[in-house]
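These notes concern the structure reproduced below.
Only the coordinates and a few stated rules stand behind these numbers; no lab work does. Just so it is clear, the model here is predicted, and its values are computed rather than measured. Reconstructed Cβ throughout: ideal geometry from the backbone, glycine too, with neighbour counts over all protein chains shown.
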Amino acid sequence: MDSVDYCPVLLRTQYRCHPRISGIANTLFYRGQLCDGVTEDSRQPLSPVFPTLSFYDEAGGQEVTDGSGSYYNESEARLVVLLIHALVMEGVEAGSIGVITLYKAQMYKIITSLHTDNPAVNKQLKCVQVSTVDAFQGGEKDVIILSCVRSNNIGFIDSDNDVLSGERTWH
């Protein structure tokens, strides 16, 4: 089969994310060329307790390998479950919450905690989608919790990725 030359096209307007969230990708990858098709007013927080974008530092957590090359961070998994419980108590529908993690071992750790920690709300919390980044790709939820897992090393997500040129180098 002959090789085909192609010219990448940048899709300039995004309609999914709150501008604060898309601003991260716009700064890091798109060199300020990404436009927002939604406004901050059209993407209000689901709860007055939780802002649109939050970062939580679980400084005491440590990554552990499960023996298969996957990692989990018990302390961070507990924090994720705590955040889910707090969101549901604030009135956020469990089915509108998604957890994305970079490692299968962390996914299993979070799912196990969600389904065993509090039997009274177990049924409702089964609607929370907990997936690896690959399995979640293309999915949408109103609330996303990202569990990065690693504490001593960035791991496989350490990449130089130039979206505009199409070049991708993984470390």
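Quick one: order Lys109, Lys141 by neighbouring beta-carbon count within 10 Å, fewest to most.
Lys141, Lys109
Starting from region 75-152, pick out the GluC sites (Glu not before Pro) whose DSSP state is loop and whose Cβ has at most 13 other Cβ atoms within 10 Å.
Answer by residue number: Glu90, Glu140.
Can you put Leu146, Leu28 in order of Cβ neighbours within 10 angstrom, beginning with the fewest?
Taking fewest neighbouring Cβ atoms as first place, the list is Leu28, Leu146.
Once phi is turned into θ = phi - 60°, what whole-Hz ³J(HN,Hα) does the Karplus curve with 6.51, -1.76 and 1.60 give for every residue of region 13-20, x standing for Gly and Pro?
Once rounded to whole Hz, the list reads 10, 10, 10, 8, 9, 4, x, 5.
Just to verify a number: FRET efficiency for Met89 and Ala59, C-beta to C-beta distance, R0 = 25 Å, to 0.05?
The value I calculate is 0.50.
Would you grab the residues whose amide H sits under 5 Å from the one on Ser147? Only those 5+ places off in sequence or on another chain, please, with H modelled 1.01 Å from N.
Amide H to amide H, under 5 Å and 5 or more residues apart or across chains, Ser147 pairs with Ile100, Thr101, Leu102.
Spelling out what I want: for every residue of region 100-110, take phi, set θ = phi - 60°, compute 6.51 cos²θ - 1.76 cosθ + 1.60 (Karplus), and round to whole Hz; glycine and proline get x.
3J(HN,Hα) across region 100-110, in whole Hz: 10, 10, 8, 9, 4, 4, 5, 4, 5, 4, 5.
Under 1.5 on a/c is rounded, so check that first for region 1-44, then, if it is not, pick prolate when a/b is larger than b/c and oblate when it is not; a ≥ b ≥ c are the square roots of the alpha carbon gyration tensor eigenvalues.
Since a/c reaches 1.5 and a/b is larger than b/c, the shape of region 1-44 is classed as prolate.
If you average the sequence gap of Cα pairs under 8 Å that are 6 or more apart and divide by the length of region 1-97, what percent do you get for the contact order?
Value for region 1-97: 20 percent.
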